[in-house]
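The values are calculated or read from the model by the stated rules, or taken from the named source; none is laboratory data. Being a predicted model, the structure only gives us computed values, none of them experimental. Methodologically, a virtual Cβ is constructed for each residue, glycine included, from the backbone with ideal geometry; neighbour enumeration extends over all protein chains shown. Keep in mind that these areas ignore ligands, DNA and RNA; they rest on the heavy atoms of the full protein, side chains included. Shrake-Rupley method; radii C 1.70, N 1.55, O 1.52, S 1.80 Å.
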Amino acid sequence: MSSWRSWHRPLVVLSAAMVLWALVTAVGLVADDRVLVGAPIWAKPFKFAASFAAYGLTLAWMLAHLTRGRRTGWWAGNVVALTSLVEMAIITVQVVRGKRSHFNAATPLDTALFSAMGITIIVLWAATLAIGILLLRARIPDRAAACAIRGGVLIALVGAGLGFLMTLPSAEQQAAGNLDTAEVIGAHSVGVPDGGPAMPLTGWSTTGGDLRAPHFVGMHALQLIPLFLIALVLLAPRLARLRDAGVRLRLVRVVTAGYAGLVALTTWQALRGQPLIHPDAATLIAAGALVAAVAAGIWAALRTAPGPESVHAETEPASDSKEFTA
């Protein structure tokens, strides 16, 4: 695999800028005691900056794997970088104004800014979809790496798409029947108003469902599934079974399927108006079944007899590791 110097540079620059902006917003969290919708006013830009930093850097790395459509991928990466900056700028402007950035229809300016955010997110999602399609067509020599990258992108697209559910009028807003004059249209929470009791750090509701939970879990498949494979590669010198390329591939497939199940489970839980940390019996049963299925899959993957492709992995584990982590 090509070195980090071949990563998509505008996305790397975006990530560096977002790291710096996260530091600035962290200062805002300490120095500015304003609260908006039940949370410190600088919490949203801080979380978005950290998320964009990880998102941009991961896509920059993935784009280096393209074997065809490199120019299209380069432009799609530029679109992701530009729309991310626009999104971040609007969020910051609204913080400076002391206004909420999401779901705000209080004034024509607020409505225009939120509409612009909606457009940028749609464009960003479409650009990421284009990158995902290119990665599906790319010839990635390491099959486990190919599975991790493609699975991570596809699940992240689903997770990002869940954000569109938040822009729809909530059941309470629809019942009020004043959508034409409402100051807020859309919500993070399900079954309760935004701004109520929330989990520390994440700000997710502890009294109702919260669509930010599956949105977050889904989007960060982009990082977590490839990181799982990297962990397998790093452990391979110590655990002989993981030197088998076929075993790593099967483990990545199991974890990818399990991760998709987790996104589905947290989405189902949120849509039923149920807090993430207060699951009911149905959620616990579903979670238990998911954990059991993943555990069984991992057990089967580790016990399966080595295939023909494992011979190369056993004799040259170091070269395989370098190819993936370079």
Of the residues in segment 179-190, how many are loosely packed, with under 15 Cβ neighbours inside 10 Å and in contact with a helix residue (DSSP H, G or I) (Cβ under 9 Å, 6 or more places away or on another chain)? 2
Failed item in (1) modelled with pLDDT of 95 or more; (2) surrounded by 15 or more Cβ atoms within 10 Å (Cβ to Cβ); (3) in contact with a helix residue (DSSP H, G or I) (Cβ under 8 Å, 6 or more places away or on another chain); (4) not hydrophobic (A, V, I, L, M, F, W, C), with K47 passing the rest: (3)
Look through P141, P193, P108 and report the one residue that is without any contact (Cβ under 8 Å) to a residue 12 or more places away in the chain and either open to solvent by 60 Å² or more (accessible area, probe 1.4 Å) or of a type in the set (D, E, K, R) (or both). P108
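Considering only residues that are in contact with a His (Cβ under 8 Å, 6 or more places away or on another chain) and closer than 18 Å to L224 by Cβ, which ones fall in segment 121-144?
Scanning segment 121-144 gives a single hit, L135.
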V158 fails exactly one of (1) of a type in the set (A, V, I, L, M); (2) modelled with pLDDT of 95 or more; (3) open to solvent by less than 70 Å² (accessible area, probe 1.4 Å); (4) out of contact with any Leu (no Cβ under 7 Å at 6 or more places or on another chain), namely (3)
Contacts under 8 angstrom Cβ, first residue in segment 252-279 being farther than 17 Å from G163 by Cβ and open to solvent by 20 Å² or more (accessible area, probe 1.4 Å), partner in a loop (DSSP other than H, G, I, E, B) and hydrophobic (A, V, I, L, M, F, W, C), 6 or more apart: G273/V192; I277/M199
Can you tell me how many residues within segment 168-178 are open to solvent by 60 Å² or more (accessible area, probe 1.4 Å) and closer than 30 Å to A221 by Cβ? 2
